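A.B. asks: Mind looking over this structure? Questions follow.
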Amino acid sequence: MTTPPLDHTGTRGPTGPLPLHRLDFGPPGPPRPTTLPDGSEGWLVTRYPDVRQVLGDGRFTRAELHAPDGPGPVGASGLVSDPDLVFNQDGPAHLRLRRTLRRAFTPRAVARWQPWIASIVDELLAELARREGRADIVAEFALPLPVAVISRLMGLDPSVRERLRHWTEYAFTDGSLPQEEVDAALAEFLDFGARLLERRRREPGDDLVSSLVLAADEESAIPESQLVSLVCGLVVGGHDSTMTMLSNALLYLLDERPDAWPRIGADEEAAGVVADRLLHLIPLGDDRGSTRRASVDVEVGGVVVPAGAVVVADCGTANRDPAVFRTGHPDDLFAPLEAPTLSFGAGPHYCLGAWLARLELRLALHRLAARFPNLRLAEPAGSVTWRLGSTSRSPARLLVAR
């Protein structure tokens, strides 16, 4: 029996999209056929161990979605549907690309960045303190923080920062933007990435792009188009996800859990636990999860998924699997997770930037709460205007008072 088309129950409220922490994912169950957003048939996997299996099993591939006889990616266009993107590679090609970056994003490497990331946070908070009246915490904190971090890591010229949001809008489009606009914006963005790589080859520095060039030369056999897509993916992915996570976390905390704010400001370790739980429970967008294609018949959770099937690994529902996770939003935000979150994926495609995202969110929440213990929303949560048209979603602005 085929389930209804993929969607969240109650995605939209009477005045617009619901906050992402209020989406109803429904109970997990065995793998089952479903209708995908484009109307085609697929399979939905929702239980925690089943989703982990799909994400970690090489028989479920990303690359085959883009094969000549493949169905293509589901529910998105732009850079995320580029076959050269590291997320859309499998096997040896994928491993070669990941090896060029793996050492740069280890927990130990990211920990060394903490002092200068903290200094960026403090600079932004000092600017926020100088403002009078209400402030837009998205424009003045949640967005400029990850933009400054990724710009420093990659050695980007300050003039480029103004183009990042424009490129991101098209790189992560959900398919609702005119295709000719998407093509033009991505052509400009990929040209930027190619020129950035060329400059670093001529004049290497101590930035991440220079390290990528050196590592790629050691690996050899990596097509230039894949390196360009990797650089561009880092530029936009390195700031958009963190901005989205931070904006959505602040909306939830200031609107529904102001009781947690004092402890977040007083205890950085506790702030880290809260950050992990919010990363776990608040998705980046409205999509149901990560898509794969079964290359052969595979048994998952006692059910055989047929070869060629498009499979949606529903990380949001799996993160709420009551057989694994006992604690939800109404419970203790300061309780450590019972099992690794699937918000960063799992298996070969586990997000390389997970440790950096955790660090940024922990420092941002802790230092913001310590500096502004009376921070509160300056407008009703129901009047929030949402950033739409992208695979991620967060408040376009969030007015606060201090």
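The values are calculated or read from the model by the stated rules, or taken from the named source; none is laboratory data. Since this is a predicted model, take the numbers as computed values, not measurements. Heads up, the Cβs are rebuilt from the backbone with ideal geometry, glycines too, and the neighbour counts pull from every protein chain shown. Surface areas here come from the heavy atoms of the whole protein model, side chains and all, with no ligands, DNA or RNA. Shrake-Rupley method; radii C 1.70, N 1.55, O 1.52, S 1.80 Å.
A.B. asks: State, to one decimal in nm, how far the label point of Ala111 lies from the label point of Asp183, with both points 7 Å from Cα in the Cβ direction.
C.D. replies: The answer from the label model is 5.0 nm.
A.B. asks: For the pair Ala323 and Thr35, what calculated FRET efficiency results from E = 1/(1 + (r/R0)^6), where r is the Cβ-Cβ distance and R0 = 25 Å, to the nearest 0.05? Write out the running numbers ahead of the final one.
C.D. replies: Details: r = 26 Å, r/R0 = 1.05.
For Thr35 and Ala323, the calculated efficiency is 0.45.
A.B. asks: A follow-up question, please. Multiply the residue gap between Ala339 and Asp24 by 0.36 nm, knock off their C-alpha separation, and tell me the result in nm, one decimal place. Kindly include the intermediate steps, with their values, before the conclusion.
C.D. replies: Working: separation 315, 0.36 × 315 = 113.40 nm, distance 2.10 nm.
Value of the extension gain: 111.3 nm.
A.B. asks: Oh, and also: Using a cut-off of 13 Å between beta-carbons, work out the net charge of the residues near Val231 (Lys and Arg +1, Asp and Glu -1, Val231 not included). It would help to have the intermediate numbers written out before the result.
C.D. replies: On the way: positive: Arg195, Arg199, Arg200, Arg201; negative: Asp82, Asp84, Asp191, Glu198, Asp207, Glu224.
Within the 13 Å Cβ shell, the charges total -2.
A.B. asks: Each residue of the range 149-155 in order: what ³J(HN,Hα) in whole Hz does its phi give by Karplus 6.51 cos²θ - 1.76 cosθ + 1.60, θ = phi - 60°, with x for Gly and Pro?
C.D. replies: 5, 5, 5, 5, 4, 9, x
A.B. asks: With every protein chain left in place and a probe of 1.4 Å, what is the accessible surface of Glu299, to the nearest 10 Å²?
C.D. replies: 120 Å²
A.B. asks: Work out how much length Arg201 to Asp331 would gain on full extension: take 0.36 nm times their residue separation and subtract the Cα-Cα distance, in nm to one decimal. Don't skip to the end; give the middle numbers.
C.D. replies: Details: separation 130, 0.36 × 130 = 46.80 nm, distance 5.15 nm.
Stretched fully, the Arg201-Asp331 segment lengthens by 41.6 nm.
A.B. asks: Another one. Need one number: nm distance between label points at Asn374 and Arg130, each 7 Å from Cα along Cα→Cβ, rounded to one decimal.
C.D. replies: Spacing of the two 7 Å Cα→Cβ label points: 2.2 nm.
A.B. asks: Now for a separate question. With r defined as the distance between the Cβ atoms of Ala118 and Asp191 and R0 fixed at 22 Å, what FRET efficiency is calculated, to the nearest 0.05? It would help to have the intermediate numbers written out before the result.
C.D. replies: Working: r = 35 Å, r/R0 = 1.57.
With a Förster radius of 22 Å, E is 0.05.
A.B. asks: Shifting gears a bit: Taking the Cβ of Ala129 as the centre, find all other residues whose Cβ is under 9 Å away and add up their charges (Lys, Arg: +1; Asp, Glu: -1). All intermediate terms of the calculation are to be shown ahead of the outcome.
C.D. replies: Numbers: positive: Arg130, Arg131, Arg371, Arg402; negative: Glu127.
Local charge sum for Ala129: +3.
A.B. asks: So, one more: Could you work out the relative contact order of the range 304-389? I mean the mean sequence separation of Cα pairs under 8 Å and 6+ apart, divided by the number of residues, in percent. Working shown, then result.
C.D. replies: On the way: 23 pairs, mean separation 16.0, N = 86.
RCO, the range 304-389: 19 percent.
A.B. asks: Before rounding to the nearest 500, sum -39500 (n - 2.57) across all DSSP H runs of length at least 4 in the chain and divide by the residue total; then give [θ] at 222 nm in deg cm²/dmol. Present the calculation step by step, with values, prior to reporting the outcome.
C.D. replies: Values: 13 runs with 177 residues, N = 402.
Mean residue ellipticity at 222 nm (helix-derived): -14000 deg cm²/dmol.
A.B. asks: Compute the relative contact order of the chain as a whole-number percentage, counting only Cα pairs closer than 8 Å that sit 6 or more residues apart in sequence. Please list the in-between numbers first.
C.D. replies: On the way: 641 pairs, mean separation 108.8, N = 402.
Relative contact order of the chain: 27 percent.
A.B. asks: Taking amide hydrogens as modeled 1.01 Å from N in the peptide plane, which residues meet the under 5 Å criterion relative to Val305, leaving out close sequence neighbours?
C.D. replies: Val298, Glu299, Val300
A.B. asks: Let me ask you something else. Taking the full set of protein chains and a 1.4 angstrom probe, give the accessible area of Trp355 in square angstrom, rounded to the nearest 10.
C.D. replies: Here the residue's solvent-accessible area equals roughly 120 Å².
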